[in-house]
């Protein structure tokens, strides 16, 4: 089936003329029609626009334009619905932006278009990217491809579902505390969080500006490297974008891991870790050793404070960022007799419970008398966590951990206990606090029920090349990324 293509196999088929971009795009659209009512990866699909773009891609290839010129020419890709695409909905899965259409392209959308990609549609997420299960979407939850009664993870749940169910060739998500890597682990695909500042955030609706980063969700590590080649690089429209050269991330993939030092932090292998997850990760460590890597025990002593630190900083920044949604300039509006009533009614009806909870928490910790005790102290602890990693990277090239403490859980299982939901990000959050790059890739399956297990590698800031090289070497040494879920067609 064409829609099961990776970026690499699709490019090969397009270059040899065995397939056309129109055929590939139509195959993805047919898959969306067949199964998305069950899995709900998409919030909107732009079939006419996608087919028109595919036809143009076919014309360009007939005129001699190649993937050397446009590396994603004819490749169907979908974006999480918190990234601006001109003329397309930009809802952030929130009622407050339900009918909003973006007037401009964000940088990643522009770079994808310039590279020849076909943009299929907008993918589901937790409202404003606040959540770990996609259950906070105002437009319905996405469902895990391996078991529709379970979560696909969040907040980029729609991105992981769309990729693993072959409703697109690849996707983009955003990662604030693990929102790319956690759903990738739960669904059995590859999720890459680039270093902070590596990919422009211009056009990304901000949740927590010092933590957010856009990254690929793909079927293989090679595809993540190819996609990162396109979207990475300095952007003067984003003040946090780092003016640093971008290497070709695909060049070093085949260099192997011989001689690399991989650190195992004892703080990440604790009681409460699911036994099957622990076993799969232990086997991955053994495999890395057999492939030639040196395994080194390390310490990250401030890891216990990462969750508390993250949820103070993230909610504080969210309360500031979401202040712009007041019902006056754009988005949902509920009239009132005065500005205060208009604002409170609009936000009260437009925001869901989790967004309200985080805005209230953030406003509280930024308020007079509490700023120093909470937000400022959290920033100081953030520095300590970052220093832990910098010291570790003096001894090792990469850090290896589980991506999540357990496999995908049942929908509704944790919604009544926000703290339990927050603890799901315990292994992913630190990379956002420190700005490091990180990747999740499949490393096993639980036995009953059959669910994917994710392995996380964390790299030094702006050392995605080493991160991708190690991930690719592991991936090619096993078959976990090729395991396919038993998909259910819609009635």
Can you tell me which residues in the stretch 1-25 are in a loop (DSSP other than H, G, I, E, B) and buried (at least 18 other Cβ atoms within 10 Å of the Cβ)?
5, 6, 19, 20
What is the residue count in the stretch 74-89 for residues that are crowded, with 24+ Cβ neighbours inside 10 Å and over 16 Å from the mean Cα position of the chain (by Cα)?
4
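Only one of these is surrounded by fewer than 24 Cβ atoms within 10 Å (Cβ to Cβ) and without any contact (Cβ under 8 Å) to a residue 60 or more places away in the chain: 101, 163. Name it.
Testing whether each residue is surrounded by fewer than 24 Cβ atoms within 10 Å (Cβ to Cβ) and without any contact (Cβ under 8 Å) to a residue 60 or more places away in the chain leaves just 101.
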For residue 419, state whether it is assigned by TED's automatic domain parsing to the domain that holds residue 434, without any contact (Cβ under 8 Å) to a residue 40 or more places away in the chain and within 24 Å of the chain's Cα centre (by Cα).
yes
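Report those helices (runs of 4 or more DSSP H) wholly inside the stretch 239-352 carrying at least 3 residues which are in contact with a strand residue (DSSP E or B) (Cβ under 8 Å, 6 or more places away or on another chain) and outside the structural domain of residue 226 (by TED's automatic domain parsing). Please lay out each step first, then the result.
Numbers: elements: 275-290, 306-321, 339-350.
Those helices (runs of 4 or more DSSP H) span 275-290.
The rows are residues; the columns are (1) part of a helix (DSSP H, G or I); (2) assigned by TED's automatic domain parsing to the domain that holds residue 404; (3) within 12 Å of residue 159 (Cβ to Cβ); (4) touching a helix residue (DSSP H, G or I) at 6+ places or on another chain (Cβ under 9 Å).
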position: 173; (1), (2), (3), (4): no, yes, yes, yes
position: 182; (1), (2), (3), (4): yes, yes, yes, yes
position: 202; (1), (2), (3), (4): no, yes, no, yes
position: 210; (1), (2), (3), (4): no, yes, no, yes
position: 214; (1), (2), (3), (4): no, yes, yes, yes
position: 217; (1), (2), (3), (4): no, yes, yes, yes
With the stretch 384-491 as the region, which helices (runs of 4 or more DSSP H) entirely inside it contain at least 2 residues that are surrounded by 17 or more Cβ atoms within 10 Å (Cβ to Cβ) and modelled with pLDDT of 95 or more?
429-434, 464-476
The one condition in (1) crowded, with 22+ Cβ neighbours inside 10 Å; (2) over 16 Å from the mean Cα position of the chain (by Cα); (3) within 20 Å of residue 109 (Cα to Cα) that residue 217 fails to fulfil
(2)
Could you go through the stretch 225-235 and let me know if any residue there is part of a loop (DSSP other than H, G, I, E, B) and buried (at least 20 other Cβ atoms within 10 Å of the Cβ).
yes
What do you reckon, is residue 355 out of contact with any helix residue (DSSP H, G or I) (no Cβ under 9 Å at 6 or more places or on another chain) and either without any contact (Cβ under 8 Å) to a residue 24 or more places away in the chain or under 23 Å from residue 429 (Cα atoms) (or both)?
no
Residue under question is residue 55, and the condition is that it be within 23 Å of residue 111 (Cβ to Cβ), outside any helix (DSSP H, G or I) and assigned by TED's automatic domain parsing to the domain that holds residue 160; does it hold?
no
How about the stretch 117-140: which of its residues are under 20 Å from residue 167 (Cα atoms) and crowded, with 24+ Cβ neighbours inside 10 Å?
117, 118, 120, 121, 122, 123, 124, 125, 126, 133, 134, 137
Which numbered condition residue 128 misses (of (1) touching a helix residue (DSSP H, G or I) at 6+ places or on another chain (Cβ under 9 Å); (2) on the phi > 0 side of the Ramachandran plot; (3) part of a loop (DSSP other than H, G, I, E, B))
(3)
Do we have any residue at all in the stretch 291-298 that's on the phi > 0 side of the Ramachandran plot, surrounded by 15 or more Cβ atoms within 10 Å (Cβ to Cβ), in contact (Cβ under 8 Å) with a residue 40 or more places away in the chain and touching a helix residue (DSSP H, G or I) at 6+ places or on another chain (Cβ under 8 Å)?
no
Filter result for residue 224 (more than 30 Å from residue 23 (Cβ to Cβ) and in contact with a helix residue (DSSP H, G or I) (Cβ under 7 Å, 6 or more places away or on another chain))
no
Does any residue of the stretch 317-329 turn out to be out of contact with any helix residue (DSSP H, G or I) (no Cβ under 6 Å at 6 or more places or on another chain), touching a residue at least 40 places away in the same chain (Cβ under 8 Å), crowded, with 18+ Cβ neighbours inside 10 Å and closer than 16 Å to residue 375 by Cβ?
yes
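The values are calculated or read from the model by the stated rules, or taken from the named source; none is laboratory data. As the structure is a computational prediction, the values presented were derived from the model and not from experiment. For neighbour counting, all protein chains shown are included, and Cβ atoms are generated from backbone atoms with ideal geometry for every residue, glycine included.
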